[in-house]
Amino acid sequence: MLDILSFLSSWLPIFCIYAILALCLNMEVGYAGMANFGLVAFYGIGAFVAGYTSMTVFLSFYGYDYPIYSLEAIIAMGKIAEKTPWLNVSVFILSLALAFLISGLAGYLVSFPTLRVGPAFLGITILSFGEMFRVFMKHFQPTGGSYGLLGIPHPFAWVSDPLTKNTLFIVISLAILISVFVYFELLANSPYGRVLKSIREDEVASLCLGKHVPRIKAEILFVASGISGVAGALYAFYLGSVTPDMFVTAVTFEVWSMVILGGRGNNLGAILGASIFTLLSRATSILSFVFLDLLIDPNYIRWMITGVLIVVTLMYKPKGILEEGPVKTKAWKIFGENGRGQARVMAAILKAGKYLKSALYWLIGRETK
Amino acid sequence: MAVPLTLSYRTSRVLNFAHGVYITIGAYIPILISRGLGVRVSPIVAILSSFAAGAVLAMLSHLLVFSPLIKRRATSVTLMISSMGLWIFIKYAFYATLSVLQKAWMTQLTYTNPIIDIPPSIFIMGVDVNARFLLAVLLTASVFALLAFFLMRTKVGMAIRAIADNPELAQLTGISKEKILLATWAISGGIAALGGFVWSIFAYVSPETGDNLILQVFACSVIGGLVSLPTTFIGAMIISSTENVLIVFLNRYFGVELSFRPFLSFLILVLTILIRPPAGAGGGLPYRYNITRYIARFLRRREGNA
């Protein structure tokens, strides 16, 4: 039982982070049809912003003036991280907000050069943007260059029991995941979501119908990059450290494979894909931990499986495991294919409501028409 | 290395991420032969073997993955993702093979260069010339000369260009699209592999080599607009000269570190897309916010005010 608990506590945070990333990518790829190969850049920006703000706020609050990447700062952080609970939590919230804003702005700026070109160019440009970001961060001294930041304060560092601490973090990340899911689900089923789908299917047609395609795409890039920045911030707080080499392009491809396998244009599918791939990576890491001296690194096998899964999914089930459903508008719910029965039920409920209302009125002695 | 990418993109509309793997394989085949068997490889054997390996790999990937997908009228994004999956698969399969071979042959394989049977330097007309450099230059020049001759003069080459320009029309005149595509893939894979071989003459090679190069290769192709081979060639010249000359300049006068190299080429890529967007070729819409026009309009307005 304890084993399952410890497994869950190591798997769930990673799952939440990747699921949020997969949801963002699904929004961009599955709905708006933008081939974003540089998701990792926004994820990394979020992580670095979170690390930078939290460490700066902490150090300046306690009056240290070490540069935040120095060894003294890391030691000092170890001392002061547990002292003030309210500061931990407020810094956590502040960092998440800043990560959202700055990553979103970066996404919005990236949209300017890329939106005029086709999917191939867009993919390459954002991909190289991600790589540019990594190379830049490696040489950017204020965030520690290639060593990155260490000693980012855990938002619940003041809780002494590690299990409770982990559980609190998991609850927070699950809450963020669920709210992101609900938000994207609402967005996808709104008129705006239908515009997005029309852009995916035919850009020219939706442009001709008077939709401002570049602006809508830029908005989606803003929102999705911002939320992947939040995921990055969560990751930074979970690990307690960020280094530029964590944000290689392979991360983007992992998220892509989640979206492809789960089903493009289906938010539940993205979450399913995230759970499958994070479980796979957990399994291989356990394997490599149990059998230390294998001939072939299990990681290689995991990536091979990932590659094969992508290709096979695209060839034999191009829509993924969970296929894209119809848009859930109110009209569809009532009058759609399976909606006949629902319509009858709805009518019955409305009628029952009417009777209930008149019964209530009779009870309190008011006259009904 | 960028030219075959453009070639395969033009003819088959696949932006191939697996391209980097062909480069790596091409660099590795001579290494495997020389280090594994403990022989010094003559340059001709090395060239032929790496070309063949790249060509076979590219043909296989076309036959097994891209061709069925194209037949199903997959979108270009789908093709891109499938090539990405293929890339990941081949790369890690290759890693696994290497780790097995390392155990079997008891040699270091992840960071080596091939033992090629060429003298360190030769005298030509009394001048001391580095033989490796000469080999690389001669190889590149002859490959491009052959490619140009092939595309311009031979029947198959003309068929390739016809398919690239207008597939339907070309098929109406009796060109077999499938065969031509296969030939194109073989050529582009082979040339990419040769590029990897040239790289391995100068530098140590690891399984990541192709991946590290692929972004620069993409940048070259995009600067060239992914349309014509000569512009791609110019793009490659621009990228390589900035990477080697401009960085030294910046390093000397502004103290920029040498490892900023990749950053520069991406910067050029983004600038290219901003200033002169290669619209149309990638299937994009020419939206109207051209930066140069903005600047021009801004300047004009200022003149009007003054």
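Just one of (1) under 30 Å from A:A274 (Cβ atoms); (2) more than 26 Å from the chain's Cα centre (by Cα) fails for A:Y69. It is (1).
Among A:I14, A:I68, which is closer than 19 Å to A:A270 by Cβ, in the same structural domain as A:S228 (by TED's automatic domain parsing) and among the β-branched types (V, I, T)? Result: A:I14 is the single residue among A:I14, A:I68 that is closer than 19 Å to A:A270 by Cβ, in the same structural domain as A:S228 (by TED's automatic domain parsing) and among the β-branched types (V, I, T).
If the requirement is being more than 18 Å from A:F129 (Cβ to Cβ), in the same structural domain as A:L127 (by TED's automatic domain parsing), modelled with pLDDT under 80 and of a type outside the set (A, V, I, L, M), which of these qualifies: A:E219, A:E203?
Answer to the check: A:E203.
Tell me, which residue of segment B:158-188 that is buried (at least 19 other Cβ atoms within 10 Å of the Cβ) and not hydrophobic (A, V, I, L, M, F, W, C) is farthest from B:A58 (Cα to Cα)? Among those residues, the one meeting the criterion is B:T184.
Restrict the check to segment B:13-30 and report whether at least one residue is within 17 Å of the chain's Cα centre (by Cα), at pLDDT 80 or above and charged (D, E, K, R). The answer is no, given that none of the residues of segment B:13-30 is within 17 Å of the chain's Cα centre (by Cα), at pLDDT 80 or above and charged (D, E, K, R). The single condition from (1) part of a loop (DSSP other than H, G, I, E, B); (2) under 27 Å from A:S10 (Cβ atoms) that A:K211 fails is (2). In the set A:T243, A:T252, only one residue is β-branched (V, I, T), within 29 Å of A:Y147 (Cβ to Cβ) and under 17 Å from the mean Cα position of the chain (by Cα); that residue is A:T252. For segment A:136-159, residues that are without any contact (Cβ under 8 Å) to a residue 60 or more places away in the chain and either in a helix (DSSP H, G or I) or away from every other protein chain (no Cβ under 14 Å) (or both) total 3.
Exactly one residue among B:A93, B:A58 is part of a helix (DSSP H, G or I), under 24 Å from B:I187 (Cβ atoms) and at the interface with another protein chain (Cβ under 7 Å from one of its Cβ atoms), and that residue is B:A93.
So that you can scan it fast, the table gives a plain yes or no per residue for (1) surrounded by fewer than 23 Cβ atoms within 10 Å (Cβ to Cβ); (2) more than 27 Å from A:T143 (Cβ to Cβ); (3) within 14 Å of chain B (Cβ to nearest Cβ):
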residue	(1), (2), (3)
A:K165	yes, no, no
A:S190	yes, yes, no
A:V204	yes, yes, yes
A:L207	yes, yes, yes
A:Y238	yes, no, no
A:G263	no, yes, yes
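Residues considered: A:L39, A:L87. Of these, the only one that is surrounded by fewer than 23 Cβ atoms within 10 Å (Cβ to Cβ) and more than 21 Å from A:P142 (Cα to Cα) is A:L87. Just wondering, is there one or more residues in segment A:273-285 that are free of Cβ contacts under 8 Å to residues at least 24 places away in the same chain, away from chain B (no Cβ under 13 Å) and either aliphatic (A, V, I, L, M) or outside any helix (DSSP H, G or I) (or both)? Within segment A:273-285, one or more residues are free of Cβ contacts under 8 Å to residues at least 24 places away in the same chain, away from chain B (no Cβ under 13 Å) and either aliphatic (A, V, I, L, M) or outside any helix (DSSP H, G or I) (or both).
The values are calculated or read from the model by the stated rules, or taken from the named source; none is laboratory data. Here the structure is a predicted model, which means the values were calculated and not measured. Backbone-built Cβ (ideal geometry, glycine too); neighbour counts: all protein chains shown.
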